[in-house]
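Visitor: Right, I'll just put the structure down here and ask away after.
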Amino acid sequence: MISKKCVKWPKQNARKAPLDEIAGECSVGQQQMTEITRSLMLDAKTVIMDEPTAALTERETDRLFEVMKKLKNKGVSIIYISHRMEEVFANCD
């Protein structure tokens, strides 16, 4: 069941996940998405993100915010910690 969820998650979010790669060989953005996926595979209702964009590229940051919106629409609560106030105001309620 976990492997089905793991494969289903990337398809739902229109991205390719390197499911067969070693985590240390993935980009920081891929590692970030892997951590989100892990928490959601456990049906997490709340996800805490502490400075999630600190080491991400602009493209990875945009992708993270897209995923956050989808999670919000599914009823997942996100605690978003950041010193980048423009991100907080643009993406948080």
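Visitor: Over segment 42-93, with the other protein chains present, what is the accessible area per residue in square angstrom, probe 1.4 angstrom?
Guide: Result: 69 Å² per residue.
Visitor: Something else about it: Through the Karplus equation 6.51 cos²θ - 1.76 cosθ + 1.60, θ set to phi - 60°, convert the phi angles of segment 63-74 into ³J(HN,Hα) values in whole Hz; use x for Gly and Pro.
Guide: Along segment 63-74, the couplings run 5, 4, 5, 4, 5, 4, 5, 5, 5, 4, 5, 8 Hz.
Visitor: Right, next: Determine, from the Cβ-Cβ distance of GLU51 and GLU25 and an R0 of 22 Å, the FRET efficiency 1/(1 + (r/R0)^6), rounded to the nearest 0.05.
Guide: Result of the calculation: an efficiency of 0.45.
Visitor: Could you give the nm distance between label points at MET85 and GLU58, where each point is 7 Å from its Cα heading toward the beta carbon?
Guide: It is 2.3 nm.
The values are calculated or read from the model by the stated rules, or taken from the named source; none is laboratory data. Predicted model, so just to flag it, every value in this text is computed and none were measured. With ideal geometry, Cβ positions are generated from the backbone for all residues, glycine too; neighbour counts draw on all protein chains shown. Ligands, DNA and RNA are stripped out before the accessible areas are found, and what is left, the full protein with its side chains, is counted by its heavy atoms. Shrake-Rupley method; radii C 1.70, N 1.55, O 1.52, S 1.80 Å.
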